[in-house]
Amino acid sequence: MMMLVSYDVAHDEKGEKRLRHVAKILENYGQRVQYSVFECLVEPSQWVELKTKLLKEINPDYDSLRFYSLGANWQRKVEHIGQKKPLDPQGVLIL
């Protein structure tokens, strides 16, 4: 399933550390499509793991997370216009 995750972390001294940690966690599960937005193609068990890690990292008094479930047929729900064409997370990756 495709999950879209956006975050907003406070820009105070401790917030900078949380910001880096949140981004690093998300980089392990998906691809960054905007500065604070990631597309994550995950299995349900991976989603539970990812969400748990993110919730442990943020401070809900100062930060926010938004989760959008695009489901299994996400390709029909996503339209991209402009720079940085997205990678197909199910496609072939040649290194």
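The values are calculated or read from the model by the stated rules, or taken from the named source; none is laboratory data. Predicted model, so just to flag it, every value in this text is computed and none were measured. Note: areas computed on protein heavy atoms with side chains; ligands, DNA, RNA excluded. Shrake-Rupley method; radii C 1.70, N 1.55, O 1.52, S 1.80 Å.
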With all protein chains modelled, accessible area of His11 [1.4 Å, Å²]: 140
Convex hull volume per residue in cubic angstrom - Cα atoms of the range 1-80: 79
Protein-only accessible surface order, largest first, of Val48, Val22, Val37 at 1.4 Å: Val48, Val37, Val22
